[in-house]
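Following: one structure in structure tokens, then a few remarks.
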Amino acid sequence: MTNTSNFNRFTYVVGADRDTQNELISWVVKSQEYINQYFGGDRSRIMRTTFGDCVSKVEVLTDLAIDDNYAPDFRGVRDVNGRLQAGAIISRQIDILFPYTEERVYLSIDPFTTPPWNCLDLEGVELPEKIKGAARWLMSEIVQEIIDTETEGVTKVLSIERSKDFYLNIGFQENPDYPSELVLTKEAAIAFLQEQSYRR
């Protein structure tokens, strides 16, 4: 695709090799550095915040990605400088996604996160590593990977209220029976990929 804008560009990462695993571990270390520097080392001060949510997801993602059983399921994106800027664990599942529908194959993404420097938003604090667009780019790469498979791009995530806007803006829909479950339908997946193609 032709890049006709100033959007940041990324490369897709499939699977977590040792270098990627070590980089994820560095995310955990950096999270603690930020907690020490900006919150006096008190983790209770980041509870129920976007940054606190990010720290928790980074820790879960790292624990899974360094496990050889889950490392092949890791997906991520790197910026033009080779720095990992978003990551996720994917798995294929079979279940009923919406009330009164039949079971079908879909892709589950959990967890899905960016590194701590992309989540820390404090007045007067500018982090040189911070970059925009990584999460959306990663989601588009994952959907593109599965759009022509039996999942047809259908994707499910679990989201707390603070994170929902990101998914809803992409085209995910709430499960009316379980509002924390958000689903990207085949039609919405195609529309999302078309929209994303204009950004590249």
query: What lysines sit close enough to Lys57 to cross-link, taking a C-alpha to C-alpha distance under 18 Å and skipping anything fewer than 8 places away on the same chain?
result: Lys30, Lys130, Lys156, Lys164
- prompt: Shape call for the chain from the C-alpha gyration tensor, a ≥ b ≥ c root eigenvalues: rounded (a/c under 1.5), prolate (a/b greater than b/c) or oblate?
  reply: prolate
field: Highest average packing first - 120-127, 86-93, 133-140, Cβ atoms within 10 Å
entry: 133-140, 86-93, 120-127
Shape call, segment 142-200: gyration tensor on alpha carbons, a/c limit 1.5: oblate
task: Per DSSP H run of at least 4 residues, take -39500 (n - 2.57); add these up for the chain, divide by its residues and hand me the 222 nm value, nearest 500 deg cm²/dmol.
output: -11500 deg cm²/dmol
- prompt: Which order do Thr185, Thr62 take when ranked by solvent-accessible area (1.4 Å probe, heavy atoms of all protein chains), largest first?
  reply: Thr185, Thr62
query: When the accessible area of segment 91-193 is computed with all protein chains present and a 1.4 Å probe, what percentage of it is carbon and sulfur?
result: 48
message: Using only the heavy atoms of the protein chains and a 1.4 Å probe, how would Ser180, Ser163 rank by accessible area, largest first?
response: Ser180, Ser163
field: Cβ-defined net charge surrounding Asp79, 11 Å radius [Lys, Arg +1; Asp, Glu -1]
entry: +4
field: By average C-beta atoms within 10 angstrom, highest first, the peptides 98-106, 77-85
entry: 77-85, 98-106
query: What order do Lys156, Lys130, Lys57 take when sorted by accessible area (1.4 Å probe), most exposed first?
result: Lys130, Lys57, Lys156
- prompt: With helices defined as uninterrupted DSSP H runs, which ones in the chain have an alpha carbon span along their own long axis of at least 18 Å and mean Kyte-Doolittle hydropathy of at least 0.5?
  reply: 50-65
- prompt: Quick one: net charge of Glu174's neighbours, Cβ under 15 Å, K/R +1, D/E -1?
  reply: -1
statement: Shape call for segment 1-83, from the Cα gyration tensor axes a ≥ b ≥ c (a/c under 1.5 means rounded, otherwise prolate when a/b beats b/c, else oblate), comes out oblate
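The values are calculated or read from the model by the stated rules, or taken from the named source; none is laboratory data. Note that the structure is predicted; figures quoted are calculated from it, not measured. Note: ideal-geometry Cβ built from the backbone for every residue, glycine included; neighbour counts use all protein chains shown. Heads up: the accessible areas ignore ligands, DNA and RNA and are worked out on the full protein's heavy atoms, side chains in. Shrake-Rupley method; radii C 1.70, N 1.55, O 1.52, S 1.80 Å.
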